[in-house]
1. With point charges of +1 on the Cβ of Lys and Arg and -1 on the Cβ of Asp and Glu, referenced to the Cα centre of the protein assembly as shown, which listed residue (B:116, B:86, B:291) lies farthest in the positive direction of the dipole?
2. Antiparallel versus total DSSP beta bridges in chain A: what percent is that, nearest 5?
3. What's the extension gain from residue A:195 to residue A:136 if we count 0.36 nm per residue and subtract their Cα-Cα distance?
4. Testing the spin-label approximation: label points 7 Å from Cα along Cα→Cβ at residue B:209 and residue B:48. State their distance in nm.
5. Fewest first, what order do A:276, B:103, B:159 take by the number of other Cβ atoms within 10 Å?
6. Rounded, prolate or oblate: pick one for chain B, where a ≥ b ≥ c are the square roots of the eigenvalues of its C-alpha gyration tensor, a/c under 1.5 means rounded, and failing that, prolate if a/b is larger than b/c, else oblate.
7. Name the residue farthest towards the positive end of the dipole of the protein assembly as shown from the options B:105, B:319, B:45, assuming +1 on Cβ of Lys and Arg, -1 on Cβ of Asp and Glu, about the Cα centre.
8. Enumerate by residue number the GluC sites (Glu not before Pro) in region A:57-164 meeting two conditions: DSSP loop (anything except H, G, I, E, B), and at most 11 other Cβ atoms within 10 Å of the site's Cβ.
Amino acid sequence: MSFTRKAVACAVSLGLVAGAGFALAQSGGKTISTVVKITGETWFNRMEEGVKAFGVETPGVTTTQYGPPKADAALQGKIIEDLIAKKVDAITVVPMDPSALEGVLKRAMDRGIKVVTHEADNAKNTQVDIEAFDNKEFGARFNERLAKCMGESGKWTSFVGSLGSLTHVQWADGGAENAKKYPGMTLVDAKNESFNDANKAYEKAKELLRKHPDIKGFQGGSAIDVLGIGRALEEAGLQGKICVIGLGLPRDSGKFLESGAIQGIGFWDPKDAGLVMNKVAKLLLDGKEITEGMDLGVPGYNKVSVKKGPGKGIIVVGQAWIDVDKNNYKDYPF
Amino acid sequence: MSTQSPQKELAANSFAARLFADRQLNFLLLTNVAVLAAATLLAGADFIGLYNLQSMAAQVPELGLLALGVMLAMISGNGGIDLSGIALANLSGMVAGLLTALVVSPDEAPLAYTLMFLGIAIGVGLIGGMLNGVLIAWAGLTPILATLGTQLLFTGAAVVLTNGSALRLGYIEPLDDFGNATMLGVPLCFALFLAIAGLITVVLRFTPFGVHLYLLGTNAKAARYAGIASQRVIFLTYTVCGILASVAGAIIAARTSSVKWDYGSSYVMIAILIVVAAGVRPEGGYGRLICVVLSATALQLLSSMFNFLDVSNFFRDCAWGLMLLIFLAVSRFDARAWWQAQFPAKFPAK
């Protein structure tokens, strides 16, 4: 059985290698686990800062963030399965695809685990879903800034990641509705699809510039739309002459904000979203209710509105948008 | 089977020795035990609590069934592989969900709905598998290219059916039970997985098809001259792969109460990883089903352990890679011969 001995040694050492060095002591308090779409992406790294900060500043609560190495709803579901078996007290999750998690989140709630979701206003099996803002209002806000920049007149167009991305379409529609306030503004070729690809957005923007040489404004949808549009404007030497406003991340958009190819971006801070998800989970654990107009103590969530969700839970909506331009993008390191 | 390990004759007399003659099997068994022990030690008793054991068992079948399909394809030789598994699984669930809802109302006749759902799903798997079989056996396409093509075809079809959004099935009790309920403490879907694994073991061992499959994978030319209907064997193999994928699809639908085209997009690679770690020979002709089952459970144990210990999922990928390399090393490295060479005194010449 010499081989067996060797194999035992091998296997045991593998197990030890795997387990070594990891803190396993869980303090006696409550554990809140946050599950995100993917590990190691800027957006969710920033969210983790919020998740960790809540754990540090709240006594008796341990917070941890988990996420699959690939953006796959199946892997996300498996992580939640394990967390249920681990008997955590609350799970907060940013679902890849809310419908794929309905089963597992139901099992979590059946076992008395509190469930909070973010960006999943169609999820049925959740107690509280948190939305950073009302999507129509967010789109209207982009458009309001665009209108100011364009002097309230001229041709403008909107971009979406894809027509299937519900939130992007809502932003574009919200923008179009807002523009009706200004008779001088004309919407042309609305809702161009960039397929979340900066190159496609670039090609599309060049095409639009040829078709409408007098276009004055672009409203971006997906976070990379403004990058593609910005590049097209820079190449045409039109930076500063045409207005570009849309969803964007400060680090990526910085150089275009500096050059004037993009006038402004807007987003919500994932750190605050991480904080507020954990805060709400803690409130649920303490048996408290979230009510209309409540102050959750996180910027942008000081006066939340509450409405009924598609299931038994509620949807909590904040006003957590952040408007950023050339002057303040450096304040947000992500 | 024609693929006995060389040390088998050494131990031919003792049943116990024969039982431990397969290095890969031993190692996989030990890894399972060691990871379970390490996890219990590090993560506490909850890890071997009934709930977690059930939860882990219920997570195995989705991937396990796909891995069984890949294993069969690999054994058939000629670069056999099935990349279309998860795509076909999703398509099966999608078609079944859409068609069944047209005929039966899930609220009025939940049991009829569930049975019809399963039936249609398996039907789609059968057709998809046969398509792969025809392409590879009769059109003569390389398996990796044929199944890559059908993977795109199945995925595309599933996208078109719902315009890319998820299809919600809602809570249908019998279907939900199929994915989540337990019988005598064993999750139903895991029991089904074991039953299917058992059935395939019997087929591989005791039917002409099984023998032909291994022979074909070992040496396709010799098999043809020996009069084996190789095209039929290959066709059947990929058809079975398709059926396995559709069962996985039904389990996914039952467990998530929904179907989507991109669910489990990482499964293709993980299924191959499980199969290779189980010592199935990528060139064909050899592979033990019990090893594939143990390899799947080892992967699940390891992954659950990391989630219990709050370890980054990136490290999990790294650990899987390490495990794969060690498994491969163990299967290639003859420890007994090495030991014998080091300490000849302990092994008196016969």
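A short reminder: the numbers here are calculations on the coordinates, not readings from a lab. What you see is a predicted model, and the numbers here were worked out from it, not measured in a lab. Quick reminder, even Gly has a Cβ in these numbers, built from the backbone with ideal geometry, and neighbours come from all protein chains shown.
1. B:291
2. 20 percent
3. Separation in residues times 0.36 nm, less the Cα-Cα distance, equals 19.2 nm.
4. That separation, rounded to one decimal, is 4.0 nm.
5. The order, fewest Cβ neighbours first, is B:103, B:159, A:276.
6. oblate
7. Most positive-ward Cα: B:319.
8. none
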